[in-house]
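For reference, the structure discussed in these notes is given below.
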Amino acid sequence: MSHFEAKKPSLCKPEPLTSERVRSTLSVLKGILASCYGPSGRLKQLHNGLGGCVCTTSHSSALLRNLSVTHPVLKVLITSVQNHVSCFSDCGLFTAILCCNLIENIQRLGLTPTKVIKLNKYLLSFCTSYLKSEACSCRIPVDFSSTHIFFGLVHSILTSKPACMLTRKETDHISALILKAFFLTIPESAEDRIILGKIIIAPLKGHGVTDSTVLPGLLIEMSEVQLRRLLPTQKSSVLKVALFCVSLSGDFSNAGEGTVEVHYQVSLENAVLEQLFNLGRQLVSDHVDLVLCQKVIHPSLKQFLSEHHIIAIDRVGVALMEPLSKVTGAMPIGSLNTIITSTTYGSVKDLCSARFGSKHFFHLIPNEVTICSLLLCSRNDTAWEELKLTCQTAMHALQLTIKEPWVLLGGGCTETHLAAYIRYKVHNEAEDIVKESGYSQAELQIAAEAFCSALESVAGSLEHDGGEILIDMKYGHCWSGQSDSASVVNWPDMLSRCGCGWYSSQEELNWSFLRSTYHPFAPQTFLSQVAVGSASNLTVDCFTAKLSGLQVAVETANLILDFSYVIEDKN
């Protein structure tokens, strides 16, 4: 007899942010994320108590994917940041830390959520308007006649991930390779709308990072025996290619859930094999030189194609199908019953063998290079996984920079400059702002201070060794000092350069501790063309990713602050 349990009522928790458990959990999450931030961030090792892979990382994508949270409030925050990372790849930690800071700061204000949310929206629009304006001095325009800014962007992303375990020489080498690979994906004959190609990362573990290289076209890994058997004599013309995403093994994997009826005395295997041979005869009559199949090719069909001097490569995998289609221009054939026309086929300029370390590759060289292969080397699995993820982030950041040709100053300088700018505007234009927003000057001042403090706390998260974070009173840039800097009087002797590397301490500057109270000032908006020209030495961030991260952080914080109940179904 079945056992039935009475349905339990849903559990309703009012004002979830007032719970000490939620606050402490949010604080722990912020501590985990903040301790990973920046070039000197600490690594996190994540593993399941039941076994499985161990992940060592400081990358937001890997970190948030492997973190297990149960409270709905934290789930909303993490899911929101993950959505941002899936769209922009970069600035995930910045987004999460800023969101946590905003929630913590605003909880101490004593203002109603409705007021705070509206004021946050106003301050957010104020920030985005400034960052998009020509007056913004923490935004650098991209000079397409030079690679300095692109190199600086890639270099900044690579150095921000210590788990990659790169030396300066290795960082420069990988940065140059990523730039080379990215430029190969830009078509030479650009029309009104540019469609970028793709970079395929091929692994080569156990080798030094400086052994990494970039090759035009695609690399398909295979054994040395297969490679020797497949490679043909050289042809003077281009090679005709057929691309199959259907299995050519003769099985019925795509038969669906119906019943297959076979007539008496009919050999199913012979019938299928005859169908495959008919396909092979058509490929021969159409003068195809290369057959690429996502799945398995029947040995008899392989032998038939080989006898007619057609190279047949199977098991290329689903990941390479889209790049193969772009490289060859061939349309993937998804059924044996498909009518194959001349437009279905593609072509490649050449094919050859390539050997790197102990691995052998079949190298497809396209007619026009918009697909390339980055052969990525690293000394161990952990470093390679982190390096691969970081390279993908850098490649995506370059694509976003092509669409919106600006970068933001890194090293915490954008955050401190923006905070100084907001404080100055709110202090000097409070009456005009109050007329627009409809709130009192006191409410505006309190909300703006919480907002600016949250931004400055993100910059402060870059320091992990007990040092002091300072801000200069001229440009509003972020500076890092030693832990005993409180006793130092001569700042220029102790400091070197600001966080982004733009300004030197030898200029006539005054400094203040970041978390101390200072009089609002107007950050100067002077852009040095010399500094812009040498931007490869600067620490910069992707403009599009950081602007989106700012918006996501504020909007997510507003959403969480607006929660009045959390209703959980316990059944």
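Details
- Residues that are farther than 21 Å from L559 by Cβ and open to solvent by 90 Å² or more (accessible area, probe 1.4 Å) within the stretch 7-47 comprise K7, K8, P9, E20, R42, Q45, H47, listed in sequence order.
- Pick from the stretch 224-283, criterion β-branched (V, I, T) and either open to solvent by 100 Å² or more (accessible area, probe 1.4 Å) or closer than 25 Å to P366 by Cβ (or both), ranking: modelled with the highest pLDDT: V241
- Enumeration of residues in the stretch 475-499 that are open to solvent by less than 60 Å² (accessible area, probe 1.4 Å) and at pLDDT 85 or above: Y475, G476, H477, C478, W479, C498, G499
- Test result for T416, closer than 24 Å to S27 by Cα, touching a helix residue (DSSP H, G or I) at 6+ places or on another chain (Cβ under 8 Å), modelled with pLDDT of 90 or more and among the β-branched types (V, I, T): yes
- Matching residues, the stretch 152-189, being acidic (D, E) and free of Cβ contacts under 8 Å to residues at least 24 places away in the same chain: D172
Residues are listed down the side, and each one gets a yes or a no for (1) aliphatic (A, V, I, L, M); (2) in contact with a Pro (Cβ under 8 Å, 6 or more places away or on another chain); (3) open to solvent by less than 10 Å² (accessible area, probe 1.4 Å); (4) closer than 28 Å to I195 by Cα:
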position: G334; (1), (2), (3), (4): no, no, no, yes
position: T344; (1), (2), (3), (4): no, no, no, yes
position: S347; (1), (2), (3), (4): no, no, no, yes
position: H363; (1), (2), (3), (4): no, no, no, yes
position: D381; (1), (2), (3), (4): no, no, no, no
position: V407; (1), (2), (3), (4): yes, no, yes, yes
position: G412; (1), (2), (3), (4): no, no, yes, no
position: H417; (1), (2), (3), (4): no, yes, yes, no
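- Any hit, the stretch 309-316, residues being within 27 Å of C164 (Cβ to Cβ) and of a type in the set (D, E, K, R): no
- Summed over the stretch 291-313, residues that are within 42 Å of the chain's Cα centre (by Cα) and open to solvent by 20 Å² or more (accessible area, probe 1.4 Å) total 6.
- Restricting attention to the stretch 124-155, the residues that are closer than 21 Å to A454 by Cβ, crowded, with 17+ Cβ neighbours inside 10 Å and within 24 Å of the chain's Cα centre (by Cα) total 5.
The values are calculated or read from the model by the stated rules, or taken from the named source; none is laboratory data. Please read all numbers here as calculations on a predicted model, not as lab measurements. Please note: Cβ atoms are built from the backbone with ideal geometry, for glycine as well, and neighbour counts cover all protein chains shown. Protein only, heavy atoms only, side chains kept; ligands, DNA and RNA dropped before computing areas. Shrake-Rupley method; radii C 1.70, N 1.55, O 1.52, S 1.80 Å.
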